[in-house]
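Trainee: The structure follows.
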Amino acid sequence: MLKPAFPALEIFAQLPPGGLLLTPNSRLRNRCQQVFAAQQSPGACWMPPPVESLRSWLDKLWFQLQQRNWQPALQQVLNREQRQLLWQRALDESLDRQLLNSQQLCRDADSALAQLLQWQLISDLSQIDEALTPLLEQFALSMRSDELPLCAMIKAFATELQANSAITPDQRDQLILRAFQEGILEPVAQIDTAGFAQISPLANALIHAGATAVNERPGLTQQSELSVAACADLDEELYQAALWAGQKLAENPGHSVGIVVNNLGQCRAQVEAVFSRVLEPQCLDPQQPRYTLPFNFSAGTPLAQTPIGSAALQLLSLLQDEWDYPQLQNILFSPFWGDNSETWLRSALFRRLQKLELRRIDGATLRYWAERSAEVLHLESPQLPRQLEQMAERARRWQRAPAEIWAARFSETLTALNWPGNRNPDSQEYQQLMQWESILEEFAALSACGGNLTLTQALQLLRQIASRTPFQAETRDGPLQILGVLEAGGLAFDHLRLVGFGQQQWPPAPAPNPLLPIQWQKHWKMPRASAERELELARELTADLLNASGDIIVSFTCEEDGVQQGLSSLFESPQQAQHFAKGALHHHYSQLAQACQLEKVEDKKLPPLTPAECERVRGGASVLKAQALSPLNAQLRFRLGASSFTQPDIGLGPAERGNVVHQVLAEFWQQCGTLTQLQAMDDEQRQAQIERAVERSLGSVRKKYNHLPIGFWAMEKQRLERLLQQWLSVELDRPNFSVEKVEWEQAVEIGGLHFNLRLDRLDQLASGEQLVIDYKTGVPSIRDWLTQRIREPQLPLYALFQPDAHAIAFGQVRNGDCKWNGCGDLEHPITGIKAVGDTEKESPYGTWSNLVEHWRYSLESLATEYRSGVATLAFDRPTDNNSELWPLNRWPEREQITE
């Protein structure tokens with residue numbers, strides 16, 4: 001059983017009647033109660049021991065004052081969200097400028113006021129100027145109190161408090177001290193304190209006012225054997241700690257084992273994942289029902305991050321009218337939204353929305369495509385479109401209302417969406433449901449000071465409450481405890497391991513309050529005020545930890561943020577701890593691998609294409625390109641439909657910008673068909689022609705992206721006009737030509753596959769030759785035409801079916817770098833289009849006909865491969881290994897097998 005690191009039983013025995021033992025937190029209080037209960041006779045009746053945490057003691061004192069009808073105690077004590085609302089109003093009244101992060105400023109102001117009250121620097125908020133002026137003079141600060149932004153905010157906040165007949169928790173503590181001083185509350189005979197690191201002056205004054213005698217009980221001292229473990233990263237630190245804990249529990253199941261993790265709140269999920277994998281590997285089995293892990297955490301998971309809480313907040317966001325793709329994906333595929341009878345409909349809807357490639361999806365679009373998707377699937381009476389329409393109707397109908405009204409509305413909405421589903425919840429989900437009801441009650445309590453809220457404000461407040469409310473699954477008290485540094489204070493363990501105590505993490509860096517003068521914070525040693533204060537506190541906590549066990553290991557990462565580091569200097573130079581090389585899962589995998597000899601079956605082919613599939617191959621030249629880069633990935637993408645969607649951008653994405661450039665060039669050359677016509681235009685005529693081409697091209701794009709402002713389209717128009725001017729200067733340097741075809745579609749057959757190709761442009765030259773052109777806004781390379789497996793087959797494929805073509809070229813339409821990049825055999829050379837023999841050093845292709853024959857053979861081979869179902873997992877270049885297809889081609893698993 002875990003015990004306190006001080007003689008609790010001895011303290012209880014020495015306390016006089018009415019005496020009290022005070023601890024800094026409820027965890028340590030509960031341990032004292034357990035130690036006392038363990039000494040009582042089974043079946044006997046006994047009074048609970050006189051021990052309280054500081055907070056519970058103050059809560060009881062406040063309740064006594066209210067029971068006695070003491071007038072100052074008949075005020076509401078505000079919680080965090082209620083204070084945040086009043087601070088936001090105070091901020092709006094006291095500062096006349098808009099801020100990007102007003103919520104953080106309100107939190108800083110609340111913390112600053114709490115520090116001023118806890119350090120007894122102010123007592124009456126209405127006299128804030130009189131209290132702060134002497135402090136400013138004491139430190140020779142060249143400002144008046146009314147020039148301090150915090151002062152104006154506190155005045156406005158005090159006005160809000162008075163209007164709501166409310167006080168802060170720190171003001172409550174001051175009133176309790178006043179009640180002791182005025183004799184309203186009687187002090188007890190004696191208070192003993194144990195486990196405290198540092199306490200504020202107000203808390204210290206309360207303890208001394210609340211008792212005739214006060215004793216500070218030191219912790220027990222013991223000789224500890226200290227070892228050190230240097231690790232590569234936090235994941236290895238946690239892995240080693242879990243293996244060590246498992247070994248200690250296997251040797252002595254009844255011993256208490258403590259894992260103290262520095263900054264546990266920031267890495268709790270990672271800690272739980274590692275310890276579960278090492279100590280409870282069976283929980284990774286998908287067939288294993290979920291159960292509560294047999295180790296205790298001092299830090300809970302925010303309710304907003306639990307399955308039930310997260311799903312509820314996501315579903316409530318359907319009341320809003322705009323979502324991004326990740327939000328919508330989480331909502332549509334939530335397992336807590338009704339049953340799974342409409343999974344196909346939700347999948348079809350989300351896939352259709354992805355194809356739109358919008359930055360955000362509005363409510364009208366979502367509802368429209370929900371209806372269309374249901375029609376395509378021929379569903380009778382689908383629920384999804386009806387539920388979405390209900391959400392939209394509620395959002396339109398509901399106006400501003402107090403928080404308690406919104407709480408009822410949110411409950412009705414979740415019920416209408418059949419949250420949390422039809423199945424019976426397990427133990428943890430049930431506990432989360434109960435806690436969700438409690439935060440709704442807490443949210444409803446904001447009505448007293450929140451006023452009428454909009455839907456957005458109500459959802460934001462509810463999300464804040466759920467994010468700060470920790471969920472801790474009810475567990476039996478086990479031998480393994482995972483704690484933060486402060487929570488471990490005052491506890492004793494048989495074995496203790498400290499994680500994350502490198503030079504850069506311990507002592508922690510200071511973080512003073514930005515609204516209080518730094519001189520005040522340093523002088524009165526306020527929390528996180530200075531490096532000296534953090535060092536002093538870290539020394540006290542380190543001493544407590546080193547006295548908490550006789551067997552201690554401290555670990556650290558050798559590198560933090562790219563900087564090498566060693567063990568914190570607050571620890572002596574201990575001996576090296578045991579390093580654990582393997583874990584239970586590794587041994588399990590090894591046993592499975594050695595259990596029998598597995599037969600490896602090479603499966604490098606998919607079924608060949610049917611004649612019907614060969615008649616119209618979707619993808620065009622991209623099919624041959626994909627087959628050249630990676631045969632298996634080509635089969636997955638074009639035959640099995642494993643396509644990815646472009647991530648929406650703020651404006652136009654790179655692909656859409658490229659398409660617009662193609663459209664502009666097509667529009668221009670359809671009106672101006674020859675070099676002669678281009679040369680005949682003066683500057684004004686050419687500019688007018690460019691503007692018309694740009695305007696017509698942007699017209700269709702505007703319809704798709706109608707949410708973009710007018711200013712964006714003006715800038716896009718200027719960009720395209722400048723780009724086209726640069727490109728036309730390159731065209732003017734060419735020998736005479738005429739544009740034969742623009743955006744021309746042609747049906748071709750190669751290797752038994754039939755494609756529909758779209759040619760950007762085909763020029764007729766004065767010599768009778770033809771030039772095949774493909775526009776690129778990137779930086780293409782003609783080397784991709786010369787490899788054995790042609791990596792850019794589009795232009796070579798066009799050239800095969802244009803008998804008069806004697807050259808192919810990329811038209812690189814790029815701002816500041818417009819040029820031709822190609823090869824061929826032309827009578828009149830063009831700058832940037834090389835002769836075939838000059839394409840590379842010692843080129844194997846001396847003439848245009850040799851090169852065309854190479855293209856024909858290579859492209860027919862690629863087409864035959866694709867048609868035959870060749871699906872080897874190989875890559876022409878390492879950069880062609882697309883991680884998006886790893887879940888299907890299983891590249892990482894194949895690499896593990898070959899290692």
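The values are calculated or read from the model by the stated rules, or taken from the named source; none is laboratory data. Please read all numbers here as calculations on a predicted model, not as lab measurements. Neighbour counts run over all protein chains shown; Cβ positions are idealised from the backbone, glycine included. When the accessible area is computed, the model is the full protein with side chains, heavy atoms only, and any ligands, DNA or RNA have been set aside. Shrake-Rupley method; radii C 1.70, N 1.55, O 1.52, S 1.80 Å.
Trainee: As an exercise: evaluate Trp669 against (1) aromatic (Phe, Trp, Tyr); (2) more than 30 Å from Ser729 (Cα to Cα); (3) in a helix (DSSP H, G or I) and give the number of the one condition it does not meet.
Mentor: Exception for Trp669: condition (2).
Trainee: Within the range 618-642, count every residue that is in a loop (DSSP other than H, G, I, E, B) and crowded, with 23+ Cβ neighbours inside 10 Å.
Mentor: 1
Trainee: If you take the residues in the range 684-714 that are among the aromatic types (Phe, Trp, Tyr) and in a helix (DSSP H, G or I), which one is farthest from the chain's Cα centre (by Cα)?
Mentor: Trp713
Trainee: Within the range 198-296, considering only strands (runs of 3 or more DSSP E) that don't extend past its boundaries, which have at least 1 residues that are open to solvent by 40 Å² or more (accessible area, probe 1.4 Å) and farther than 22 Å from Gln428 by Cβ?
Mentor: Hits in the range 198-296: 211-217, 225-231.
Trainee: Determine, yes or no, whether Leu851 is touching a helix residue (DSSP H, G or I) at 6+ places or on another chain (Cβ under 9 Å) and assigned to a helix (DSSP H, G or I).
Mentor: yes
Trainee: Leu379 versus (1) of a type in the set (A, V, I, L, M, F, W, C); (2) more than 21 Å from Ala348 (Cα to Cα); (3) not in a helix (DSSP H, G or I): which is the lone unmet condition?
Mentor: The failed condition is (2).
Trainee: Another question about this same structure. Would you pick out the residues in the range 29-68 that are more than 23 Å from Leu185 (Cα to Cα), of a type in the set (S, T, N, Q) and in contact (Cβ under 8 Å) with a residue 24 or more places away in the chain?
Mentor: Listed by number, the residues that qualify are Gln34, Gln39.
Trainee: Only one of these conditions is not met by Arg31: (1) at pLDDT below 90; (2) in a helix (DSSP H, G or I); (3) open to solvent by 50 Å² or more (accessible area, probe 1.4 Å). Which number is it?
Mentor: Only one criterion in (1) at pLDDT below 90; (2) in a helix (DSSP H, G or I); (3) open to solvent by 50 Å² or more (accessible area, probe 1.4 Å) is unmet by Arg31, namely (3).
Trainee: Is there any pair linking a residue in the range 391-412 that is open to solvent by less than 10 Å² (accessible area, probe 1.4 Å) to one that is outside any helix (DSSP H, G or I), with Cβ under 7 Å and at least six apart or on different chains, and which?
Mentor: So the pair list comes out as Ala401/Asn452; Ala401/Leu453; Ala403/Leu446; Ala403/Leu453; Trp406/Leu453.
Trainee: Still on this structure, I have one more. Which of the following residues is in contact with a Lys or Arg (Cβ under 7 Å, 6 or more places away or on another chain) and either surrounded by 18 or more Cβ atoms within 10 Å (Cβ to Cβ) or at pLDDT 95 or above (or both): Ala194, Ala179?
Mentor: So the residue among Ala194, Ala179 that is in contact with a Lys or Arg (Cβ under 7 Å, 6 or more places away or on another chain) and either surrounded by 18 or more Cβ atoms within 10 Å (Cβ to Cβ) or at pLDDT 95 or above (or both) is Ala194.
Trainee: Could you tell me whether Trp87 is open to solvent by 30 Å² or more (accessible area, probe 1.4 Å) and among the hydrophobic types (A, V, I, L, M, F, W, C)?
Mentor: No, not satisfied.
Trainee: Among the residues of the range 715-744, which ones are surrounded by 18 or more Cβ atoms within 10 Å (Cβ to Cβ), within 16 Å of Gly811 (Cα to Cα) and either assigned by the TED database to the domain that holds Arg359 or under 48 Å from the mean Cα position of the chain (by Cα) (or both)?
Mentor: Leu720, Leu723, Leu724, Trp727, Leu728, Val742, listed by residue number.
Trainee: Of the residues Ser94, Ser41, only one is of a type in the set (Gly, Ala, Ser), open to solvent by 20 Å² or more (accessible area, probe 1.4 Å) and within 30 Å of Gln14 (Cα to Cα); which?
Mentor: Result of the check over Ser94, Ser41: Ser41.
Trainee: Taking only the range 44-54 into account, find how many residues are open to solvent by 70 Å² or more (accessible area, probe 1.4 Å) and assigned to a strand (DSSP E or B).
Mentor: The qualifying residues number 0.
Trainee: Just checking, which of Gln162, Gln174, Gln104, Gln138 is within 23 Å of Lys525 (Cβ to Cβ) and within 41 Å of the chain's Cα centre (by Cα)?
Mentor: Of Gln162, Gln174, Gln104, Gln138, the one residue that is within 23 Å of Lys525 (Cβ to Cβ) and within 41 Å of the chain's Cα centre (by Cα) is Gln174.
Trainee: Right, something else. I'd like the full set of residues that are of a type in the set (A, V, I, L, M, F, W, C) and either farther than 18 Å from Leu516 by Cβ or part of a helix (DSSP H, G or I) (or both), limited to the range 75-98.
Mentor: Residues satisfying the conditions are Val77, Leu78, Leu85, Leu86, Trp87, Ala90, Leu91.
Trainee: For the range 784-800, does any single residue satisfy the condition of being acidic (Asp, Glu), outside any loop (DSSP other than H, G, I, E, B) and out of contact with any helix residue (DSSP H, G or I) (no Cβ under 7 Å at 6 or more places or on another chain)?
Mentor: The answer is yes; a qualifying residue exists.
Trainee: Right, another one. Working only within the range 855-881, note down all residues that are open to solvent by less than 30 Å² (accessible area, probe 1.4 Å) and in a helix (DSSP H, G or I).
Mentor: Trp855, Ser858, Leu859, Leu862, Ala863, Tyr866, Asp880
Trainee: Mind listing whichever residues of the range 1-28 are open to solvent by 60 Å² or more (accessible area, probe 1.4 Å), in contact with a helix residue (DSSP H, G or I) (Cβ under 9 Å, 6 or more places away or on another chain) and farther than 20 Å from Arg476 by Cβ?
Mentor: Answer for the range 1-28, where residues must be open to solvent by 60 Å² or more (accessible area, probe 1.4 Å), in contact with a helix residue (DSSP H, G or I) (Cβ under 9 Å, 6 or more places away or on another chain) and farther than 20 Å from Arg476 by Cβ: just Leu9.
Trainee: Now a separate question. Under the condition of being hydroxyl-bearing (Ser, Thr, Tyr) and loosely packed, with under 14 Cβ neighbours inside 10 Å, which residue from the range 356-390 is modelled with the highest pLDDT?
Mentor: The residue in question is Tyr368.
Trainee: Moving on. Only one of (1) in a helix (DSSP H, G or I); (2) open to solvent by 40 Å² or more (accessible area, probe 1.4 Å) is not met by Ala747, so which one is it?
Mentor: For Ala747, the failing item is (1).
Trainee: Exactly one condition in (1) assigned to a helix (DSSP H, G or I); (2) surrounded by 15 or more Cβ atoms within 10 Å (Cβ to Cβ) is not met by Leu652; state its number.
Mentor: The number of the failed condition is (1).
Trainee: Here is a follow-up. Residues in the range 55-64: is at least one within 31 Å of the chain's Cα centre (by Cα), in a helix (DSSP H, G or I) and under 28 Å from Leu483 (Cα atoms)?
Mentor: No; the residues of the range 55-64 include none that is within 31 Å of the chain's Cα centre (by Cα), in a helix (DSSP H, G or I) and under 28 Å from Leu483 (Cα atoms).
Trainee: Further question on the same structure: So which residues in the range 827-854 are in contact with a strand residue (DSSP E or B) (Cβ under 7 Å, 6 or more places away or on another chain) and open to solvent by less than 30 Å² (accessible area, probe 1.4 Å), if there are any at all?
Mentor: Ile830, Ile833, Val836, Thr839, Trp848
Trainee: For the range 317-329, state whether one or more residues are surrounded by 16 or more Cβ atoms within 10 Å (Cβ to Cβ), of a type in the set (A, V, I, L, M, F, W, C) and in the same structural domain as Ala241 (by the TED database).
Mentor: Scanning the range 317-329, I find no residue that is surrounded by 16 or more Cβ atoms within 10 Å (Cβ to Cβ), of a type in the set (A, V, I, L, M, F, W, C) and in the same structural domain as Ala241 (by the TED database), so the answer is no.
Trainee: Let me ask you something else. Taking Pro72 as the residue in question, decide whether it is open to solvent by less than 30 Å² (accessible area, probe 1.4 Å), in contact (Cβ under 8 Å) with a residue 12 or more places away in the chain and not in a helix (DSSP H, G or I).
Mentor: Answer is no for this residue.
Trainee: Follow-up. For the range 470-479, does any single residue satisfy the condition of being open to solvent by less than 60 Å² (accessible area, probe 1.4 Å), in contact (Cβ under 8 Å) with a residue 12 or more places away in the chain and within 30 Å of Leu148 (Cα to Cα)?
Mentor: Scanning the range 470-479, I find no residue that is open to solvent by less than 60 Å² (accessible area, probe 1.4 Å), in contact (Cβ under 8 Å) with a residue 12 or more places away in the chain and within 30 Å of Leu148 (Cα to Cα), so the answer is no.
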